[in-house]
Amino acid sequence: MHRPLFIVWNAKSDTGVALIDEQHKGIVSIINTFYHFMGQGMDNKILYACISDTIKNYSRVHFITEESFLEAAGYPDIEQHKKLHRNLSLKIEQIEHEGIRANDAKPLLEFLKQWWLEHINEKDRGYAQYLLAHSAMQRN
């Protein structure tokens, strides 16, 4: 059965930092997979066991990547960005626990969409130009 994607990647989503953009595409793919399986009626416990662990691990790798790039470039607001990452990780854990308790995966899906719209598409855009100007990063 064909379902539309929950989040569609487009060129406006690119930051210009190749590895970061590839990781962002990976995050979008995980969110879309979560959406697909929810639409297929997959049991919420299985969804959480598979998808939330994947998103937590992948986001951890992504945050480490971003932070290492920001440190290497001398990004002045790095501590604020690290704090955002810590808060996002804690929020994912909180929503996961609440969702498992309520047997409802929809709150995690909605949170992940908001994460995409706000953090990745807005906050990350704030550092991308700095990275491109102050490091050896190559444009896509």
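FYI, it's all coordinate maths here, none of it is from the lab. Only a predicted model underlies this, so the values are computations on that prediction, with no experimental measurement involved. All Cβ positions, glycine included, derive from the backbone under ideal geometry; neighbour counts span all protein chains shown.
Straight-line cross-link partners of LYS25 among the lysines, defined as a Cα under 20 Å from its Cα and at least 8 positions apart when in the same chain: LYS12, LYS56, LYS113, LYS123.
Secondary-structure-derived ellipticity at 222 nm for the chain, considering helices only, amounts to -22000 deg cm²/dmol, per-run term -39500 (n - 2.57) for DSSP H runs with n ≥ 4. Debye-formula intensities of the stretch 11-134, expressed as log10 I(q)/I(0) at q = 0.10, 0.12, 0.14 Å⁻¹, are -0.32, -0.46, -0.60 (one equal scatterer per alpha-carbon, no solvent).
Computed about its Cα centre, the charge dipole of the chain is approximately 220 debye, with only Lys, Arg, Asp and Glu carrying charge at their Cβ. Can you check what the net charge comes to around LYS56, using other residues whose Cβ is under 9 Å from the Cβ of LYS56 (Lys, Arg +1; Asp, Glu -1)? With Lys, Arg at +1 and Asp, Glu at -1, the neighbours total -2.
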